[in-house]
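Heads up: the structure comes next, in structure tokens.
The values are calculated or read from the model by the stated rules, or taken from the named source; none is laboratory data. Note that this is a predicted model, so its numbers are computed, not measured. No Cβ is skipped: glycine too gets one built from the backbone with ideal geometry, and neighbour counts run over all protein chains shown. Just so you know, the surface numbers come from the protein's heavy atoms only, side chains and all, with ligands and any DNA or RNA stripped out. Shrake-Rupley method; radii C 1.70, N 1.55, O 1.52, S 1.80 Å.
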Amino acid sequence: MVKKIRTVMLLLLISLSMLFLSGCWNYREIDEIAIVAGVAVDKGINKNYLVTMEIVELRGGTETQLLTKITSLEGNSMFEAIRSIISYIGKKAYWSHAKVVIVSQDIAKEGLVKIIDWFSRDTEARENIYLLVSKHETAKEIFEGKPVTSEVLSFQLEKMLHNQRNLGKAPAEDIRQFINVLSTEGGNPVAPVISIKDINGQKRVEIIGTAVFRSDRLVGFLDELDTQTMLFIQNEVKGGVIYSEEKVAGSYVTLEIFKSKTKLKPIIDENSLAMEIDIEIEAAINEINDIGDVIGEDGRTQLKHHYENLINKRVTELVEKVQTQYNTDIFGFATKLYRNEPRLWKEIRGSWKEEFRNLKVKTNTKVKIINSAQLAKPFEVEE
């Protein structure tokens with residue numbers, strides 16, 4: 001009986017607590033929150049850095065509203081600039097929802113260690129913030145020239161970068177990955193490239209291409225096609241399409257990638273070092289732009305061999321381009337040597353730049369065409 005009374009009293013106390021302690025959200029506290037959605041970093045005029053924040057403010061009322069504003073201030077360090085912005089807006093900045101860091105080419109050429117060091121040390125900022133390089137003169141232009149949309153631009157960019165994994169038009173690198181590559185033996189990171197295009201009078205954000213780094217310094221760019229080839233070598237292709245400008249069996253054909261797997265294998269002879277690149281692709285015919293028959297057995301065989309030779313050629317040409325123009329190992333060859341051949345790597349690590357410049361590659365691509373079409377042949381239109 002006593003036990004039952006105690007239970008009833010406990011339930012009554014809990015009910016009363018819920019009644020008196022519950023209430024509406026404090027609107028004043030909402031108004032004091034400044035959520036940092038994204039950051040752009042440029043060279044300052046009077047100080048080292050110009051830091052621009054896209055800030056999301058919550059306005060309370062019958063319905064909570066999201067409002068964005070762009071704020072910029074200079075500082076001799078990232079910490080100084082960020083703290084100055086906080087005192088300027090008069091609110092505490094919350095970094096746990098920050099999605100992107102966009103840097104200008106000038107900042108990237110000087111080195112990004114000082115930039116990413118703050119984000120890796122700050123307790124609120126997350127290390128999986130995406131890192132991008134602006135193709136414009138400044139990084140703040142991306143925020144200032146954003147398309148007319150109700151969506152927060154930084155949140156939109158995060159979605160675009162997440163989808164890049166299935167498109168293969170840009171690497172989807174965050175600060176954590178950038179740091180991991182930098183700390184790996186012989187590692188040189190890459191980053192996606194962002195720009196704003198004016199198409200038919202409308203501004204559109206594009207994330208296409210790759211920023212190439214030697215250590216933490218920007219040394220050049222790769223276009224969309226070279227980016228896809230680089231991702232093939234890195235075993236980072238999860239989807240997308242492959243297109244050839246040459247006819248195969250009388251048609252222009254586009255393949256849709258379902259699966260892709262790449263293996264790197266060091267080939268060591270007494271007097272030479274080479275890297276074997278084995279690429280396996282499963283794809284389907286996505287588009288046929290002519291009346292040639294590529295669905296039949298002969299056409300499919302020609303298509304398979306054509307794309308195998310095409311990928312082999314693109315890989316060889318890209319490796320040679322990066323070797324001669326940038327001389328920076330963005331493919332992970334050094335990492336593969338370090339893991340598979342630690343003794344050899346110990347011998348050549350000091351001269352890896354020269355070794356990489358002269359490294360020969362052998363590419364073996366196998367394309368498997370599956371689920372190509374329900375039709376036995378493409379449409380034929382009578383004139």
Subset tally (residues that are outside any strand (DSSP E or B) and under 30 Å from S215 (Cβ atoms)) for segment 84-109: 12
In the list I196, I233, I242, which residue meets the criterion of being of a type in the set (A, V, I, L, M, F, W, C), within 18 Å of S104 (Cα to Cα), open to solvent by less than 50 Å² (accessible area, probe 1.4 Å) and in contact (Cβ under 8 Å) with a residue 60 or more places away in the chain? I196
Every pair of residues 6+ apart whose Cβ atoms lie under 8 Å, when the first sits in segment 284-311 and is at positive phi and aromatic (F, W, Y) while the second is crowded, with 18+ Cβ neighbours inside 10 Å and at pLDDT 80 or above: none
